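**Student:** I'd like to ask some things about the structure below.
The values are calculated or read from the model by the stated rules, or taken from the named source; none is laboratory data. Values in this document were obtained by computation on a predicted structure and should not be read as measured data. Neighbour counts run over all protein chains shown; Cβ positions are idealised from the backbone, glycine included. All accessible areas refer to the heavy atoms of the entire protein, side chains included, with ligands and DNA or RNA removed. Shrake-Rupley method; radii C 1.70, N 1.55, O 1.52, S 1.80 Å.
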Amino acid sequence: SGEIDAYSLEKRFIRKDGGVVPTAIDVKCVRQADGVPEYFIATVQDITERKLAEQRIHRLTRMYSALSECNQAIVRCTSHEELFPQVCRFAVDYGGMKLAWIGLLEKDTQLVRPVATFGEDADYLQRTQGSADAESPFGKGATGTAIRERRPIWILDYLKDPRTAPWHEHAAQAGWGAVAALPLIRHDEVIGALVLYAAAGETFDEEIRNLLIEMANDISFALTAFAK
């Protein structure tokens with residue numbers, strides 16, 4: 001119609017295998033001297049890498065915000081009962097997690113009891129079981145292993161990992177693609193774990209892992225300070 005000579009837009013294409021390709025499309029109309037359109041030039045550029053970089057920066061920015069909020073809460077709080085619910089909420093509202101919870105270890109039974117939760121399907125934690133016992137099928141997941149081995153555990157393909165088999169059915173419904181569990185330490189003793197569920201494994205890239213380790217260390221420092 002002659003209103004514009006060109007336009008650009010972003011559009012997704014679907015491959016035969018179901019994969020999605022984000023693209024940038026640029027279209028230009030070349031006209032004859034009398035203004036009649038002669039032909040169009042259209043270019044389609046694969047912008048997958050750019051989109052992945054933008055998503056990574058967004059995730060990292062959100063997690064920095066969660067860490068900042070957590071540290072501010074540590075300064076304000078005087079007990080873990082006051083701190084833990086805030087940490088879980090920050091991990092979801094600021095950090096972009098689907099679900100966050102903190103569980104404390106019962107030494108006599110080796111069960112891990114949720115004491116603070118926030119996010120989608122938080123009530124499910126009351127209907128399932130978590131353990132730090134290596135012989136229990138409920139102790140081989142991220143939470144039990146993190147407590148038992150005193151190190152962060154990252155499971156990046158939740159539905160295919162045999163360690164998370166007891167929870168696969170619910171995970172498929174809830175959209176859990178990955179989980180991270182970080183041990184919480186008081187007076188050099190592991191007392192529980194901070195557990196985070198995400199939609200996809202790429203959520204827990206190296207930079208996010210480092211920030212979550214820093215968060216768990218800050219919480220552990222606070223737990224020792226509260227005890228003192």
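**Student:** Quick check: anything in the stretch 123-137 open to solvent by less than 30 Å² (accessible area, probe 1.4 Å), part of a helix (DSSP H, G or I) and among the polar types (S, T, N, Q)?
**Tutor:** no
**Student:** Let me ask something additional. When only residues in the stretch 95-122 that are closer than 20 Å to ARG209 by Cβ and touching an Asp or Glu at 6+ places or on another chain (Cβ under 6 Å) count, which is most open to solvent (accessible area, probe 1.4 Å)?
**Tutor:** This residue is LYS98.
**Student:** Which condition breaks for LYS160 when tested against (1) farther than 26 Å from ALA66 by Cβ; (2) surrounded by 14 or more Cβ atoms within 10 Å (Cβ to Cβ)?
**Tutor:** (2) is the only condition that LYS160 fails.
**Student:** Looking only at residues in the stretch 41-85 that are under 27 Å from LEU184 (Cα atoms) and among the acidic types (Asp, Glu), which one is least open to solvent (accessible area, probe 1.4 Å)?
**Tutor:** GLU69
**Student:** If we keep just the residues of the stretch 1-11 that are open to solvent by 60 Å² or more (accessible area, probe 1.4 Å) and either in a loop (DSSP other than H, G, I, E, B) or of a type in the set (S, T, N, Q) (or both), which is modelled with the lowest pLDDT?
**Tutor:** SER1
**Student:** Does PHE221 qualify as being closer than 16 Å to CYS88 by Cα and open to solvent by 10 Å² or more (accessible area, probe 1.4 Å)?
**Tutor:** No; evaluated as a whole, the condition is false for this residue.
**Student:** Tell me which residues, restricted to the stretch 31-46, are assigned to a loop (DSSP other than H, G, I, E, B) and either free of Cβ contacts under 8 Å to residues at least 12 places away in the same chain or touching a helix residue (DSSP H, G or I) at 6+ places or on another chain (Cβ under 8 Å) (or both). Can you show your working first?
**Tutor:** Initially, the stretch 31-46 is screened for residues assigned to a loop (DSSP other than H, G, I, E, B), giving 32-36.
Across the stretch 31-46, the qualifying residues are GLN32, ALA33, ASP34, VAL36.
**Student:** Now for a different question. List, please: which pairs have Cβ atoms under 6 Å, are six or more places apart or on different chains, and start with a residue in the stretch 186-213 that is of a type in the set (Asp, Glu) and end with one that is surrounded by fewer than 15 Cβ atoms within 10 Å (Cβ to Cβ)?
**Tutor:** GLU207/LEU60
**Student:** Of the numbered conditions (1) over 15 Å from the mean Cα position of the chain (by Cα); (2) modelled with pLDDT under 95; (3) open to solvent by less than 80 Å² (accessible area, probe 1.4 Å); (4) closer than 28 Å to ALA199 by Cα, GLY35 fails exactly one; give the number of that condition.
**Tutor:** (4)
**Student:** Also, quick follow-up: Which residues, taken from the stretch 174-217, are open to solvent by 40 Å² or more (accessible area, probe 1.4 Å) and part of a helix (DSSP H, G or I)?
**Tutor:** Within the stretch 174-217, GLU202, GLU206, GLU207, ARG209, ASN210, ILE213, GLU214, ASN217 meet the criteria.
**Student:** For GLY103, indicate whether it is under 21 Å from the mean Cα position of the chain (by Cα), in a loop (DSSP other than H, G, I, E, B) and in contact (Cβ under 8 Å) with a residue 24 or more places away in the chain.
**Tutor:** no
**Student:** Take the stretch 138-173 and flag every residue that is in a loop (DSSP other than H, G, I, E, B) and aliphatic (A, V, I, L, M).
**Tutor:** Those that are in a loop (DSSP other than H, G, I, E, B) and aliphatic (A, V, I, L, M): LEU156, LEU159.
**Student:** Quick check: is even one residue across the stretch 12-22 exposed (fewer than 14 other Cβ atoms within 10 Å of the Cβ) and in contact (Cβ under 8 Å) with a residue 40 or more places away in the chain? Working first, answer last.
**Tutor:** Filtering the stretch 12-22 for residues exposed (fewer than 14 other Cβ atoms within 10 Å of the Cβ) gives 12-20.
When the remaining residues are screened for being in contact (Cβ under 8 Å) with a residue 40 or more places away in the chain, the result is none.
There is no residue in the stretch 12-22 that is exposed (fewer than 14 other Cβ atoms within 10 Å of the Cβ) and in contact (Cβ under 8 Å) with a residue 40 or more places away in the chain.
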